[in-house]
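For reference, the structure is listed below as structure tokens.
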Amino acid sequence: MSSVNLMAREVAAKIVFYGPGLSGKTTTLRKVYETVRPAHRGEMMSIATEGDRTLFFDFLPVKVERVGDCSVRLALYTVPGQVFYNATRKLVLQGADGVVFVADSQAEAMDANRESLANLEENLLENGIRLDRFPLVMQWNKRDLDNVLSVEELRRELNPRGVPDFESAATSGRGVMDTLKTITRLVIKDLRAKRIVPPPRPAPPAPGSAPAGLEAQLAQHLHHRQPPAATPAASTGSTAAAISATPVPRTLTAPAPPRVEPAAVPVVSANTGSKVLGPTSALAPGDLFDHARAAEAAFIAGDYTTCVTACTDAVRRAMAFAGEGSLAQQAFLLHVDGSDLLRLQGLSTLPQLRVDDAAFALYVLMQVFVRLNAVGLPTAG
């Protein structure tokens with residue numbers, strides 16, 4: 001089954017190469033493995049048997065081109081072709097997003113092709129999937145051999161639905177990548193129709209242009225809404241308190257972040273002159289204490305851009321304690337909310353920032369510090 005990592009903007013899809021025994025499924029997968037650049041492929045695993053070259057499955061994660069602003073990672077499998085391995089074929093087929101049926105073009109293999117195609121349809125039905133509503137590509141393999149049936153005959157016998165098909169010679173690689181590209185496009189189209197793949201992010205509006213769509217409606221609503229009666233602010237001498245008491249219209253569609261009360265930021269003790277720790281710096285590991293204090297100081301001074309920048313840098317440094325890997329992997333290990341991290345990254349691209357933006361940045365930083373403390377990171381020494 002496909003999965004979507006919204007934080008990494010990555011879609012993982014499963015494609016299964018199906019067909020009768022010795023039709024060229026494993027050879028096809030090996031040719032894909034040889035063609036894909038090493039940086040974009042994983043390790044291929046195969047188990048050979050006496051009667052068929054694939055007992056369980058071949059597994060090949062492959063990165064392909066981006067779809068919109070999402071990258072796509074494919075997991076490619078083959079199934080054993082022999083009839084008595086049907087239980088294994090069912091297992092491998094579970095969660096598939098698309099199928100490439102690798103047919104043997106030789107005349108003597110037609111019965112085996114029909115049997116395997118019927119078996120595919122039957123196994124999909126057991127999973128509640130109809131073959132005529134499932135991404136499918138036909139691969140007419142072994143076209144480099146003698147005594148092969150014509151493509152018209154193969155289509156008549158095996159492709160009455162008229163799905164995309166390609167001639168191939170897996171040993172040389174002819175037609176293999178065309179087949180893979182087509183099934184990938186069909187799978188992505190199907191995932192989009194099911195609303196599994198997130199739509200591309202909208203392009204930011206040009207400077208000075210009026211907002212459109214829902215953003216325009218929200219802006220118009222906020223503009224015409226009667227503001228609440230002003231409440232005299234207590235005389236605290238704090239710039240942050242005065243700003244926090246002023247309602248700030250927003251046109252963003254994201255939910256409002258938790259508010260940080262003015263009393264929660266660092267203040268100066270009138271008696272001792274020493275600085276009381278704010279909540280962020282109180283949670284910070286020793287290596288990030290100065291970063292947290294800088295973010296809090298920028299917040300209380302009303303420099304919200306500096307506050308967000310300091311928080312973003314501190315979050316990046318804090319996540320690194322989870323080990324090497326992408327930000328998505330580090331967030332997964334620490335159980336940090338990926339949507340919060342995405343929004344924090346987005347704030348750094350905004351030309352103007354408000355008090356609630358800075359408050360949200362401090363909230364995310366505190367969330368990361370709490371997770372680090374919960375797992376005992378960083379370790380002493």
Q: Kindly write out, for the range 170-178 in residue order, the coupling ³J(HN,Hα) from the Karplus curve 6.51 cos²θ - 1.76 cosθ + 1.60 (θ = phi - 60°), rounded to whole Hz, with x marking Gly and Pro.
A: 4, 5, 9, x, 5, x, 5, 6, 4
Q. Which of the aspartates and glutamates could a cross-linker bridge to K25, judged by Cα under 12 Å and excluding same-chain residues fewer than eight apart?
A. D52, D58, D104
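Grab the beta carbon distance between E108 and D337, set R0 = 41 Å, and tell me the FRET efficiency rounded to 0.05. Intermediate results must be reported in sequence, preceding the final value.
Details: r = 59 Å, r/R0 = 1.43.
About 0.10, to the nearest 0.05.
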Q. Under 5 Å between amide H atoms, partner at least 5 residues away or on a different chain: which partners does R174 have, H built in plane at 1.01 Å?
A. A169
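With the Cα gyration tensor of the range 84-201 giving a ≥ b ≥ c as the square roots of its eigenvalues, does the rule (a/c under 1.5 for rounded; else a/b larger than b/c for prolate; else oblate) give rounded, prolate or oblate?
Working: a/c = 2.07, a/b = 1.39, b/c = 1.49.
Oblate shape, in that a/c is at least 1.5 and b/c is the bigger or equal ratio.
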Q: May I ask you to evaluate 6.51 cos²θ - 1.76 cosθ + 1.60, the Karplus curve with θ = phi - 60°, for each residue of the range 140-152 and list the ³J(HN,Hα) values in order in whole Hz, giving x for glycine and proline?
A: 7, 8, 6, 6, 8, 9, 7, 6, 9, 6, 6, 4, 4
Q) Applying the Karplus parametrisation 6.51 cos²θ - 1.76 cosθ + 1.60 with θ = phi - 60° to the phi angles of the range 26-33, what ³J(HN,Hα) value in whole Hz is obtained for each residue in order, glycine and proline being reported as x? A) 5, 4, 4, 5, 5, 5, 4, 4
Q: Quick one: which residues, 5 or more positions from V62 or on another chain, have an amide H under 5 Å from its amide H? H modelled 1.01 Å from N in the peptide plane, none for Pro or chain starts.
A: L74, A75, L76
Q.
Strictly over 24 Å apart at the Cα level, which of K31/K194; K63/K142; K31/K181; K14/K181; K142/K189 would you flag in this model?
A. K31/K194; K63/K142; K142/K189
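Work out how much length R133 to T349 would gain on full extension: take 0.36 nm times their residue separation and subtract the Cα-Cα distance, in nm to one decimal.
On the way: separation 216, 0.36 × 216 = 77.76 nm, distance 4.21 nm.
In short, 73.6 nm is gained.
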**Q.** Accessible surface of the range 275-373 [probe 1.4 Å, protein heavy atoms]: carbon and sulfur percent
**A.** 56 percent
Q | 5 angstrom amide H check on D165, placed H, neighbours 5+ away | A | M138
Q) Of all the C-alpha pairs in the range 324-379, what % are more than 17 Å from each other? A) 42 percent
Q | Spin-label proximity, E152 to the range 98-116 - amide N less than 11 Å from point 7 Å beyond Cα toward beta carbon | A | none
Q: Determine how large the accessible area of E108 is when every protein chain is in place; take a 1.4 Å probe and give Å² rounded to the nearest 10.
A: 120 Å²
Q | Simple label model, 7 Å out from Cα along Cβ direction - A301 to K189, nm | A | 5.7 nm
Q | Cα extents of the range 102-156 along the three principal axes, largest first (Å) | A | 39, 18, 16
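The values are calculated or read from the model by the stated rules, or taken from the named source; none is laboratory data. Not measured: the values here are computed from a predicted model. Ideal geometry is used to build each Cβ from the backbone, glycine not excepted, and the neighbour counts take in all protein chains shown. Just so you know, the surface numbers come from the protein's heavy atoms only, side chains and all, with ligands and any DNA or RNA stripped out. Shrake-Rupley method; radii C 1.70, N 1.55, O 1.52, S 1.80 Å.
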